[in-house]
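This is the structure, below, for whatever I ask next.
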Amino acid sequence: MPTSDPISIEFPTRRRGQLSPPDEYAELRARPGLVKSALPNGSTVWLVTRHEDVRTVLTDPRISASPTHPGFPTIGRNGTVPHPDQIPGWFVAYDPPDHTRFRKALIPEFTVRRVGELRPAVQRIVDGRIDAMLAGGTTADLVAAFALPVPSLIICELLGVPRTDRELFESRTQVLVTFTSTDDERDAAAQDLLLYINKLIAMKQRFPGRDLTSRLLRAGVLTPKEISGVALLLLIAGHETTANNIALGVVMLLLNRQWINAPGVVEEVLRYLSVADRVALRVAVEDVEIGGQLIRAGEGIVPLGASANHDEGTFGHAEQFDPSRSARHHVAFGYGVHQCLGQNLVRIEMDTVFGTLFRRIPTLELDQAVEDLPFKYDGVLFGLHALPVRW
Ligand code: HEM
């Protein structure tokens, strides 16, 4: 079996080609076995780079998603909320069977049919933000004016947050994703949101509506405390992930205008950009062999989604942005039991956004050269701090 000294790769890894994955990934994929890498905090992890190996890691029951196990990787400040242990219901960090109870309770809320019912609301929210941008002049920061508020407002819709409270909700979530926020500001914003969500739950207990929060309360499978953790998870999991795909997707389409109305755009944007590249962190809880490499119990594993999604063995001419390909088997939403619960909603959001934005603002263009855009290399997710546009 291949053994090697750990190599150091920069985390978060910079994308030198702006939108395409870090150059190192192709080199790492070409190495046999897995690659042992030293993280900035001095610990070592196994990097998994090939599509097949990433899917194996994300489905093997000897590999855990729970940070409570020793050896679980930490890459920088990992997320924007208090430690998952402190939030009952933060089920992305649970393994089966604990995880299964949450997943089963949530699946009916995210079927194609159920999220399809949100389509008119999604359209209204997207149109509303475009109206506001058009009313504000002929330039905007598309991140602040559009990409961040749209997913946040849609989650408000999903959870049943009353319109009058949406500003508070939106302002607090903005703090969580703004890079200039200090850790203290982020913690305070997360606490405020949790307090607000608890108030929302108390309100829905008294006055139930036709929203996810009310339905979960009525079903009685999860406790109100767990529902509040679930709500916070949905909010955080579904906000910046979607926002970054919207903003970067707009850049991709402005650079490749011939694809604007192509049916495969959403899937190809998700694959190509893979913004949640290193989100699905794992640790082995038993010895396990992956890609010909023995991983010992207690060793951390980082499956690199962007690398898997650019694996030439799976996606021909992977470096090309080509919406005519079939990209559905990408792992931009992860894979296995934790595969993104919100993916059907994301597809509706991105489809509505791209379909509406370029139709309503056909003269939309970048107001800054692509190489000068403030890319977010320093966050948990790949994205843009701002996107100056004009029309
Ligand atoms: C899980 C990506 C949007 C809710 C995940 C995972 C990834 C991901 C990679 C797997 C994490 C892991 O295995 O550890 C994305 C991307 C999105 C997006 C790229 C946007 C383009 C959303 C939205 C929601 C959502 C809009 C909900 C409103 C969740 C939840 C989980 C999850 C609840 C945990 C599922 C579980 O543990 O069973 N997402 N996500 N995501 N996502 Fe998403």
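Readers should treat all values here as calculations from the given coordinates under stated rules, not as data from a laboratory. Values in this document were obtained by computation on a predicted structure and should not be read as measured data. Every residue, glycine among them, receives a Cβ derived from its backbone with ideal geometry; neighbour counts consider all protein chains shown.
How much length is gained on full extension from Ala30 to Gln343, taking 0.36 nm per residue of separation minus their Cα-Cα distance? Can you show the working numbers first?
Working: separation 313, 0.36 × 313 = 112.68 nm, distance 3.04 nm.
My answer for the length gained is 109.6 nm.
Could you work out how much longer the chain between Asp378 and Arg359 gets when fully extended? Use 0.36 nm per residue separation minus the Cα distance between them, nm to one decimal. List each step's numbers first, then the result.
Values: separation 19, 0.36 × 19 = 6.84 nm, distance 3.30 nm.
So the extension gain works out to 3.5 nm.
Now a separate question. Choose one of Met350, Ala306, Ala318: the residue whose Cα lies farthest towards the positive end of the charge dipole of the stretch 290-382 (beta-carbon charges +1 Lys, Arg; -1 Asp, Glu; about the Cα centre).
Met350
While we're on this one: Kindly put Phe102, Phe382, Phe358 in sequence by how many other C-beta atoms sit within 10 Å of each C-beta, fewest to most. Can you show the working numbers first?
Values: Phe102 21, Phe382 25, Phe358 17.
Least crowded to most crowded, the residues run Phe358, Phe102, Phe382.
Pick out, in residue order, every one of the chymotrypsin sites (Phe, Trp or Tyr not before Pro) in the stretch 143-218 that is DSSP loop and has at most 16 other C-beta atoms within 10 Å; say none if there are none.
Taking the stretch 143-218 and a limit of 16 other Cβ atoms within 10 Å, the loop chymotrypsin sites (Phe, Trp or Tyr not before Pro) found are Phe179.
For Asp211, Asp131, what's the fewest-to-most ordering of other Cβ within 10 Å of each Cβ? The partial results should precede the final answer.
Details: Asp211 18, Asp131 11.
Ascending number of Cβ neighbours within 10 Å: Asp131, Asp211.
How much of the calculated P(r) for the stretch 8-390 lies past 26 Å, in percent of all Cα pairs? All intermediate terms of the calculation are to be shown ahead of the outcome.
Values: 37622 of 73153 pairs.
Roughly 51 percent, rounded to a whole number.
Sticking with this structure for a sec: Arranged by the count of other C-beta atoms within 10 angstrom, fewest first, what order do His310, His329, His99 take?
Details: His310 24, His329 14, His99 17.
In increasing order of surrounding Cβ atoms, one gets His329, His99, His310.
Right, something else. Evaluate the relative contact order of the stretch 8-390 (contact order divided by residue number), counting alpha-carbon pairs under 8 angstrom at least 6 apart; express in whole percent.
Relative contact order for the stretch 8-390 comes out at 28 percent.
Within the stretch 299-387, list the GluC sites (Glu not before Pro) lying in a DSSP loop whose Cβ has at most 15 other Cβ atoms in a 10 Å radius. Before the final figure, lay out each step's value.
Working: sites: Glu299, Glu312, Glu319, Glu349, Glu365, Glu371; in loops: Glu299, Glu312, Glu319.
Sites meeting the loop and neighbour criteria: Glu312, Glu319.
Tell me the trypsin sites (Lys or Arg not before Pro) within the stretch 210-288 that lie in a loop according to DSSP and have at most 12 other beta-carbon atoms within 10 Å.
Working: sites: Arg210, Arg215, Arg218, Lys225, Arg257, Arg271, Arg278, Arg282; in loops: Arg210, Arg278.
Answer in residue order: Arg210.
Determine the dipole magnitude for the chain: charges of +1 sit on the beta-carbon of Lys and Arg, -1 on that of Asp and Glu, nothing else is charged, the reference point is the Cα centre, and the result goes in debye to the nearest 20. Display every interim value, and only then the final one.
Numbers: 41 positive and 46 negative charges, 279 e Å.
With Lys and Arg at +1 and Asp and Glu at -1, about 1340 debye.
Right, next: Positive end of the charge dipole of the stretch 8-390 (Lys, Arg +1 and Asp, Glu -1 on Cβ, about the Cα centre): tell me which of Leu273, Thr56, Val122 has its Cα farthest that way.
Val122
As a test, work out the antiparallel percent of DSSP beta bridges whose residues both lie in the chain, rounded to the nearest 5.
Close to 75 percent.
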